[in-house]
1. Loop by DSSP (not H, G, I, E, B), at most 13 other beta-carbon atoms within 10 Å: where is the longest site-free stretch of the chain for GluC sites (Glu not before Pro)?
2. Can you tell me the mean projection area, over all orientations, of the convex hull of the stretch 190-321's alpha carbons? Units nm², please.
3. Where the only charges are on Cβ atoms (+1 Lys, Arg; -1 Asp, Glu), what is the dipole of the stretch 190-321 about its Cα centre, to the nearest 20 debye?
4. Hey, which of these cross-link pairs are over 31 Å Cα-Cα: 102/348; 39/195; 237/386; 246/282; 76/114; 69/171?
5. Once both labels are modelled 7 Å past Cα along the beta-carbon direction, what's the residue 85-residue 348 spacing in nm?
6. Work from the charge dipole of the chain (Cβ charges, +1 for Lys and Arg, -1 for Asp and Glu, about the Cα centre) and give the residue of 28, 361, 97 farthest towards its positive end.
7. Run through all the Cα pairs of the stretch 6-141 and give the fraction in each 5 Å bin from 0, expressed as whole percent.
8. Rank 288, 187, 263 by mean-square fluctuation in a GNM of the chain with C-alpha springs under 10 angstrom and give only the top-ranked residue.
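Derivation of every value follows stated rules applied to the coordinates shown; laboratory data play no part. Every value quoted in this text rests on a predicted model; they were computed, and no experiment measured them. All Cβ positions, even for glycine, are placed from backbone atoms using ideal geometry, and neighbour counts span all protein chains on display.
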Amino acid sequence: MKIFDIAILGAGASGLYAASLLGQKNKIIIEAGKNPGRKLLASGGGLCNFSNKNMGAEYYFSQNPHFIKSALAGFKLQEFLEFLEENNISYDLRPSGQYFAKSSKAILDLILSKIDKQSTTFAFENKIISVVKKDIFEIKTDKNVFYAKKVICALGGPTYKKLGGSFSAFKLAQSFGHNIITPYPALCGILWNKKQKEFFKDLAGLTIKAQLSCQNKTFTEDILFTHEGLSGPAVFKLSLYGLQNKEILINFLPSVDFKDFILKNKNNTKLPSNIFGEIMPKHLAQTLLKDFNKTLPDASKQDLKYLEGLFCAFKIKVQNTYDYDKSEVCAGGIDTKEISSKTFESLKGKDLYFIGENLDITGQLGGYNLHFAWASAKACTNAILKKL
């Protein structure tokens, strides 16, 4: 029987990048899908938001927040930029700090080109059934049995099932005794309940800048009203910390001094919707004020406090978010307290490594999760190359 030095489970961003860094080491890449890099091709709307200028541990969420620091220290943004430049891959830096390639396919093709083909076996359309460690690893798929001295699990998470998302990494980790931090969809929108859907029905398609707060986390960016719920960057970023059954506060006027605005308009006899419609979309003002029937001169202190709550601290109780198929990433995952932060080797099983999205490390919107895919792959492969 053939024994590979390394078996890489999953042909996504982290798995392929790991393979490219392993040079001529004898390895196999086992992938359930027909093709490599399916999620990578879809990333950034096909443009691949591969990293961010503003990089640091504070942009990641985990139950073990210090874990990621070592990987980030060992993989600088400049390293990946030079990798692209040396291979004539152009990219753009946007005002938000996000780095985008000209195409996701260019990034995928580059990484594939760096994988040594003579020392690499690709096993596509092989769904992993089990991984067992005896003297070596025995990897059973629905079609074959493979053997390897070391295993890198880069199976990703359950997002985008059509692109290969599954819970298989978590099941594999559990089979080796790992704890799983309860996973949930993240970087996603929230869904209206029946009452909310009726209240906001006329606003579908509206995008405004607002301030969203929940659990001591606050983001001021665009939000988008849809027929189904609330989306946009501010919602996505807040969802990283888990929103189900929690209350969000929305400030629709983050750049307006509400009390000063009311003082200036205290004698204005126009309809409040017309007054507020001068500083925000009028149909949003009309929606928020549909149950308010007074003019500002007639409003009591209690009425003004009510208006301040409507415009600056509007409460939304979240019952549900979008599911995994409409979420950018899965938060939660394999407990990093049981993984070496320097090598990404399992503390439950020698020569077993976990990298990428399957770990309880989730980055903010803006290229952070792909950066972690590259960083974790580098830390892992550096450790393996030293051993070999």
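1. On the way: sites that count: 125, 278.
With GluC sites (Glu not before Pro) excluded where exposed in loops, the chain gives 126-277 as its longest stretch.
2. Working: hull surface 30.3 nm².
That works out to 7.6 nm².
3. The calculated dipole for the stretch 190-321 is roughly 240 debye.
4. Values: 102/348 41 Å; 39/195 35 Å; 237/386 38 Å; 246/282 29 Å; 76/114 19 Å; 69/171 26 Å.
Cα-Cα > 31 Å for 102/348; 39/195; 237/386; rest within.
5. Result for the modelled spin labels: 4.3 nm.
6. 28
7. In whole percents, the pair-distance histogram is 2, 9, 15, 18, 19, 17, 12, 6, 2, 0, 0.
8. Most flexible of the set in this elastic network: 263.
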